[in-house]
Amino acid sequence: MSGIQKSSALNNEPTMNASDFDKQLLRFVKDFCAPYDEMRKGLEKARVSVVDKNNHYGKDLPAWPLDTVYVSVDGFMNLYSILYDIPNMTDDLDQLVEDEVIEKAADVIITTTILCGCLSWDKVRNIVHINNKQLDDSLLDCPCASLAKLPQWAICFNTVEQNLLWNERPVAGVIFYRSFISNDLKEALQVSSNTANNVLDGEPEATINNLSTLIIYNDGEIIIGPYIELCSSGSINSYFNNMSNPLLNNYDEIAKAADQFSRKIFKLLAYFLENLDNLKNAKGEKVSFAPNPEPFKTKKGYRLFGSDRISSYYLD
């Protein structure tokens, strides 16, 4: 299955109001995740097993920083392979010819990457609305690692009013979430660098440790967007400078547009993180983010409850 999907839930109107965006985005995520309901249930079992000593469902899954990441990407791939009979990324791909290996691996990686973001957001269901304004570039002078601890597993921004273009198309929303790949896939990914450098305070070593994005178009298409390597030294500005300058020197217009877009959406996130105390609801009342869902003991055992409705936050 392709990792890029469309839904009829989001229309192609570039001027959706906040309420319409909230409702349509939730329907879109439900539509996108519906074929993977077993995946959603599997993830809940894995997280419950952390506190439920009688539940060993997730005992063989890779470790990940449980308080800040809903699921590690490699743990997700393992579950995906088991539930949907996809060749195991580390064991079974050698049974396929080279072209099939590349195609299968790319399809699984793209699909699971998008699902990681969607399912992480679906457990918290927040949307942040920020008035269209010119944000200062100095917002990106903060360290890359400062973006590691989002107030929830994933954060969705309504960007309808931000006039953002990605691949020359208007962007309706952006979801930020952590992409954490443990050292279990280090050999399979042929990572030769010292992954001990990919460590954030209080977290295990990582082969890959990124803050990733999903781009949501007005017509309901969702694709993988820009990311930041959280363990990179220096500021976010310097990170983008290092990433883009070799391309910009070649006058690559596509690279320039991608660099400008990346800076704009990460400025939105940095501005949001600086103003968590100024968030309001639709009535103008001060609000704050709820903590992430935690396993809760019921008469039928532990359960992991998430939000059953959209929580909207507004920032001037």
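Just list whichever of LYS23/LYS45; LYS23/LYS300; LYS41/LYS286; LYS149/LYS256; LYS45/LYS299; LYS280/LYS300 have alpha carbons separated by over 25 Å in the model shown. Kindly include the intermediate steps, with their values, before the conclusion.
Values: LYS23/LYS45 28 Å; LYS23/LYS300 32 Å; LYS41/LYS286 34 Å; LYS149/LYS256 28 Å; LYS45/LYS299 16 Å; LYS280/LYS300 37 Å.
Going by Cα-Cα distance, LYS23/LYS45; LYS23/LYS300; LYS41/LYS286; LYS149/LYS256; LYS280/LYS300 fall outside the 25 Å limit.
Please give the net charge around PRO65, taking every other residue with its beta carbon less than 12 angstrom from that of PRO65, where Lys and Arg add +1 and Asp and Glu add -1.
Values: positive: LYS149, ARG178; negative: ASP67, ASP201, GLU203, GLU205.
Net of charged neighbours comes to -2.
Readers should treat all values here as calculations from the given coordinates under stated rules, not as data from a laboratory. Fair warning: this is a prediction, and the values are worked out from it, not measured in the lab. FYI the Cβ positions are ideal-geometry reconstructions off the backbone, even for glycines, and counts take in every protein chain you see.
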